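To start, the structure under review is shown below, and the notes come after it.
Laboratory data are not the source of any read-out in this text; all were calculated from the coordinates shown. Everything numeric in this text was worked out from a predicted model, so none of it was measured. Backbone-built Cβ (ideal geometry, glycine too); neighbour counts: all protein chains shown.
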Amino acid sequence: MNLELNQETIASRILFIRGEKVMLDFDLAILYGTETRTLKQAVKRNIDRFPDDFMFLLEEAEVELMVS
């Protein structure tokens, strides 16, 4: 999937979840031109380079709200 990188495109991918501005791993992977699983592996392998609040898992109810 090809995504034009500009402020409007990136801003449209930012969501507010739990009162925080976040981007989904899927959208970040597209922006970086990689697969979601590859992005997640890279973060896990280099977790010390990221702040503690860099990522979190959505609760099931949050996922359901986003899908519906």
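Before moving on, here are some points about what is shown:
- Note, ³J(HN,Hα) from phi for the range 58-65, Karplus 6.51, -1.76, 1.60, rounded to Hz, x at Gly and Pro: 6, 6, 4, 5, 5, 5, 4, 5
- Rg to Rh, two decimals, where the chain supplies the alpha carbon set and Rh follows Kirkwood: 0.96
- Taking every C-alpha pair closer than 8 Å and separated by at least 6 residues, the mean separation divided by the residue count of the range 7-67 gives a relative contact order of 15 percent.
- Restricting the chain to chymotrypsin sites (Phe, Trp or Tyr not before Pro) that sit in a DSSP loop and have at most 10 other Cβ atoms within 10 Å of their own Cβ leaves PHE54.
- Highest-fluctuation residue, LEU24, LEU39, LEU15 considered, GNM on the chain with Cα pairs under 10 Å: LEU15
- Dipole of the chain, positive end: most advanced residue of ASN6, MET55, GLN41 [Cβ charges, Cα centre]: GLN41
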